[in-house]
Structures are given as C-alpha cells and as structure tokens.
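The values are calculated or read from the model by the stated rules, or taken from the named source; none is laboratory data. On a predicted model such as this, the values are computed, not experimentally measured, just so you know. Cβ coordinates were reconstructed from backbone atoms using ideal geometry, including for glycine residues, and neighbour counts include every protein chain displayed. Ligands, DNA and RNA are stripped out before the accessible areas are found, and what is left, the full protein with its side chains, is counted by its heavy atoms. Shrake-Rupley method; radii C 1.70, N 1.55, O 1.52, S 1.80 Å.
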Amino acid sequence: MTVAGYAKDVLVDADWAKAHLDDPDVRLVEVDVDTTAYDQSHIPGAIGWNWTSQLADGIRRDIASREEFSELLSKSGIGPDTTIVLYGDNNNWFAAWAYWQLKLFGHRDVRIINGGRKFWLDNGLPLSTDVPQDRETNYELPEPDFALRAFRDDILPRIGDSELVLVDVRSPAEFNGEIIAPPGMSETAQRPGHIPGAASIPWAQTVREDGTFKSRDELETLYEGKGITPDKDVIAYCRIGERSSHSWFVLHELLGYKRVRNYDGSWTEWGSMVGVPIEKPTPVAAGV
C-alpha cells in the first residue's frame, strides 16, 4: 500500500513494491551510494542506475543532460506513463537524488520505497541477481525546469535575508568545520564550515532506525523548531547534493512546503569559491 499521512502520495511501502514486481506499468530502480550493491543483489525486476556515470555529466560538474537522461530512461524501459519506484542504500540518499532529477525533467509519477534497500534486506524480502532486459521506449524528456534547483547566485546576494532560510543537512562535524567531508569521500572543498545563517538539521534526523521516514508531525516539529517554516524560501544543501535531495524530498514532497530548492553545488562549490563568506565555529581549547 502507499504510505499515507504526508502532503503528497510519493511513498510506497515494501508490501506495495512486492505486490507490483510484475506490474508492466511500474519500473523499480535501485540507486546506491555503493555502486556495486545492485550487482550483489536487488529487488527482482529492478534495474540499477549508477549515480557517478549515469546521473551526472561526464565532463562538467552538473547533472545529466536532457539527452543523456532521456537515453537512460529509454534503455530502462521507461516511458512517460511509467510509475518509477526508486530505492537505494543509505536510507535512500541517491534514490532521492534521482527522484529530484526526474522532477526537474518533468516525469509525472515517481515514488520512493519507504525504508529503501535497508528495510528490504532487514526484512528478508525477495532478492535476485538477474538483470532485466527491456525494449527501448524512445522516451524524449522535455527541457528541464530548474524551479526546484538552487544555484550559488540564488544564495550569495541573499545572505542575511530573513525571508530565506538555509538548511545544512550534513553532519554536525561538517557543519562546525571540524571535518570537510565524511571519511572516505573523495569530493571535498578547500575550506571547512557552513554558509552563514544556515540551520544545522542533519538529514539522518528525518528517518527512523529501520530506515523509514518519521511521521509528518515529527518532521514538522523538527524543522519548525529550527525556524524552517512553510512561509519562507528554503534552500537545502550538503556536500555534493545527494543528502540535501533527501531533505528536499522531506520538505517539498512529504511536508508540502511550496518554496523549497536543492542547492546541488553544495559545500564542494561554496567551500572552494574565492571571496564568499563562511562561518566556522572555533572550538575553545581545554584549559583556556
């Protein structure tokens, strides 16, 4: 069944996904941080998208182009009327990134499996290593609408604007400037810290231990307690845009905030630009 109680009907539970494994109108798509996970096992009938090579431009720092994304969807057996159901590891980090991109390109029906890969594995649900072979659809996406995407120039002139609130969804250690990136991550910036005035609301605070999203009431309390209210312009950011896509999904799709954008340039861009303001709390040394 779909997951009720949120602003939009964009979540499905594992039982719903299991019941639609053979539905020709539904395409399950796995998108993982660990790009080898799909080959190890996946939901039967699901296809895998590689975020590093298929959802990003191969040359520029950018998302995939309209032509590249159209080709990916066509080869995946997806047409304009297909219900795309996304899931992945790390509680749907890159599933949310793919969801956000699909919305930029105007695909109508996109869902996320609540709990993602973790919930599916933890509950012993069916798995496969077979890769589906699909007939291409020749799906041609329209030009993207970037109303849901923020760029640095949407932020820089508005630092200190009370009508704009920034949500830094990284870990507290990243926000405070103790580290530039999580351990093992290759994409980094030149300086640590955060964008001035940003609220620290780590993405992981939006999910339960089993990987499913917290209730609408819990999520509203979380964000409104930090001044992130529906009447403001909201921009979420992280390191490269995938964790902030997750928080964008919570704010825009689950809570129904109208004016939410994802800044996918995020800290790897902001923390490397010349002359932009940065906040970096300075810890006081012990005994001083």
Tell me the net charge near GLY211. Cut-off is 12 Å between Cβ atoms, GLY211 excluded, with +1 for each Lys or Arg and -1 for each Asp or Glu. -1
Jot down the radius of gyration and Dmax of segment 133-288, Cα atoms only, both in angstrom. 17.0, 68
Relative contact order for the chain: what percent, with Cα pairs under 8 Å and sequence separation of 6 or more? 20 percent
By the Cα gyration tensor axes a ≥ b ≥ c (a/c under 1.5 gives rounded; else a/b larger than b/c gives prolate, otherwise oblate), the shape of segment 1-47 is oblate
Would you give the gap between the C-alpha center of segment 11-62 and the C-alpha center of segment 185-229, rounded to a whole Å? 24 Å
Would you mind giving the three semi-axes, in whole Å and largest first, of the ellipsoid equivalent to the chain according to its Cα gyration tensor? 32, 20, 19
Probe radius 1.4 Å, ligands and nucleic acids ignored: give me the carbon and sulfur share of the accessible area of segment 45-91 as a rounded percent. 47 percent
Between helix 89-104 and the chain: long-axis angle, C-alpha atoms, 0 to 90°, nearest 10: 90 degrees
If you filter segment 18-114 for trypsin sites (Lys or Arg not before Pro), then keep DSSP loop positions with at most 12 other Cβ within 10 Å, what is left? ARG60, ARG61, ARG108
Relative to the longest principal axis of the chain, what angle (0 to 90°, nearest 10) does the C-alpha long axis of helix 66-75 take? 40 degrees
Charged-residue dipole, Cβ positions (Lys, Arg, Asp, Glu), the chain about Cα centre, Debye nearest 20: 720 debye
Placing one identical point scatterer on every Cα of segment 74-128 and ignoring solvent, what is log10 I(q)/I(0) from the Debye formula at q = 0.12, 0.23, 0.28, 0.31 Å⁻¹? -0.31, -0.92, -1.10, -1.19
When all alpha-carbon pairs of segment 14-129 are counted, what percent fall beyond 22 Å? 27 percent
If you average over every viewing direction, what projected area does the convex hull of the Cα atoms of segment 47-107 give, in nm²? 4.1 nm²
Choose one of VAL207, GLY197, HIS20: the residue whose Cα lies farthest towards the positive end of the charge dipole of the chain (beta-carbon charges +1 Lys, Arg; -1 Asp, Glu; about the Cα centre). GLY197
Who wins for biggest fluctuation among VAL207, VAL274, VAL234 in a Gaussian network model of the chain, springs between alpha carbons below 10 Å? VAL274
What is segment 49-186 by shape, rounded, prolate or oblate, if you read a ≥ b ≥ c off the alpha carbon gyration tensor as root eigenvalues and call it rounded for a/c under 1.5, prolate for a/b larger than b/c, and oblate otherwise? oblate
Heads up, I need the accessible area for ARG158: 1.4 angstrom probe, whole protein in place, Å², nearest 10. 60 Å²
Could you work out [θ]222 nm for the chain from helices alone, using -39500 (n - 2.57) per DSSP H run of at least four and dividing by all its residues? Round to the nearest 500 deg cm²/dmol. -6500 deg cm²/dmol
Extension gain (nm, one decimal) between SER41 and GLN190, 0.36 nm per residue minus Cα-Cα: 49.9 nm
